[in-house]
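The values are calculated or read from the model by the stated rules, or taken from the named source; none is laboratory data. Treat the numbers as computed from the prediction; the structure is a model and nothing was measured. Here the Cβ positions follow ideal geometry from the backbone for every residue, glycine too, while neighbour counts run over all protein chains shown.
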Amino acid sequence: MSDPYAARTAVHEQVIDGFGTVRVLPLDPHADAGVVHDWVSEERAVFWGMTGLTRDQVAEIYAHMDSLDTHHAFLLLKDGAPAGLLQTYEPEADRVGETYDVRPGDIGIHLLLAPAGPGGARTGWSSHLLTAVTSYALRGPGRHRIVVDPDVRNEKAVARFLRQGFEAGGTVVLPEVDLPDVHLPEKRAQLAFLTREVACRDDGDTRRAGQA
């Protein structure tokens, strides 16, 4: 079977010892709509805010995002298979920027991991993928700090970021916002931050390859 992603150029590729190769590809809003719709429709993804949307609505949301200079979406692949959805954004152009003192060099991320397969829980899966994500987010010129804003009720996500070295920055209320085909209600979020210094310190056991 041919690789449907072979023709796409990765913006980041990282080999993680004992895990595999993680590639970060720009999301194709329409070609990837099926897999993304499957993920965001699951009950576990309720905090992503797209549960109940149709495939076409999901495609339109990401087509809109693709037109922006401040927000970007990516498909994560692990050894060639879809493994997660990454969104990056400029905090000053996002609702989170209304709730904290944005610093030069800040970049925001949202991360949705693919569901576990028939084998159930995967040891180290989220940690290794997040290692590749943070490496990509911080590698750009002038990037110094990552900010995340998971819903305070999403205890698994909050704990995942804190285990990865993120430092909790307090809880805030994110204002409601309207996007094409979706309304994001007011959200109480747990801010957390990861600096370049901490990320580089904790990334010493990985090996990068083919960074674009």
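Worth a mention:
- Answer from LEU111, LEU138, LEU129 - the residue that is in contact with a Gly (Cβ under 6 Å, 6 or more places away or on another chain), crowded, with 16+ Cβ neighbours inside 10 Å and modelled with pLDDT of 95 or more: LEU129
- Those residues of segment 176-199 which are out of contact with any strand residue (DSSP E or B) (no Cβ under 7 Å at 6 or more places or on another chain), exposed (fewer than 13 other Cβ atoms within 10 Å of the Cβ) and over 30 Å from PRO141 (Cα atoms), in sequence order: ASP178, PRO180, HIS183, PRO185
- Total residues in segment 49-65, condition surrounded by fewer than 19 Cβ atoms within 10 Å (Cβ to Cβ) and in contact (Cβ under 8 Å) with a residue 40 or more places away in the chain: 4
- MET50 vs. criteria part of a loop (DSSP other than H, G, I, E, B), under 16 Å from the mean Cα position of the chain (by Cα) and either over 17 Å from LEU130 (Cα atoms) or not small (Gly, Ala, Ser) (or both): yes
- Applying the set (1) modelled with pLDDT of 90 or more; (2) within 20 Å of VAL22 (Cα to Cα) to GLU197 leaves exactly one unmet item: (2).
- On inspection, THR9 fails the criterion of being hydroxyl-bearing (Ser, Thr, Tyr), part of a loop (DSSP other than H, G, I, E, B) and modelled with pLDDT under 95.
- THR88 meets all of the listed conditions (1) touching a residue at least 24 places away in the same chain (Cβ under 8 Å); (2) surrounded by fewer than 18 Cβ atoms within 10 Å (Cβ to Cβ); (3) polar (S, T, N, Q) but one, namely (2).
- Against the list (1) in contact (Cβ under 8 Å) with a residue 40 or more places away in the chain; (2) within 30 Å of HIS30 (Cβ to Cβ); (3) polar (S, T, N, Q), the condition THR70 fails is (1).
- Of all residues in segment 171-185, one or more are modelled with pLDDT of 90 or more, in a loop (DSSP other than H, G, I, E, B) and in contact with a helix residue (DSSP H, G or I) (Cβ under 7 Å, 6 or more places away or on another chain).
- The single residue among ASP149, ASP94, ASP106, ASP79 that is among the acidic types (Asp, Glu) and surrounded by fewer than 14 Cβ atoms within 10 Å (Cβ to Cβ) turns out to be ASP79.
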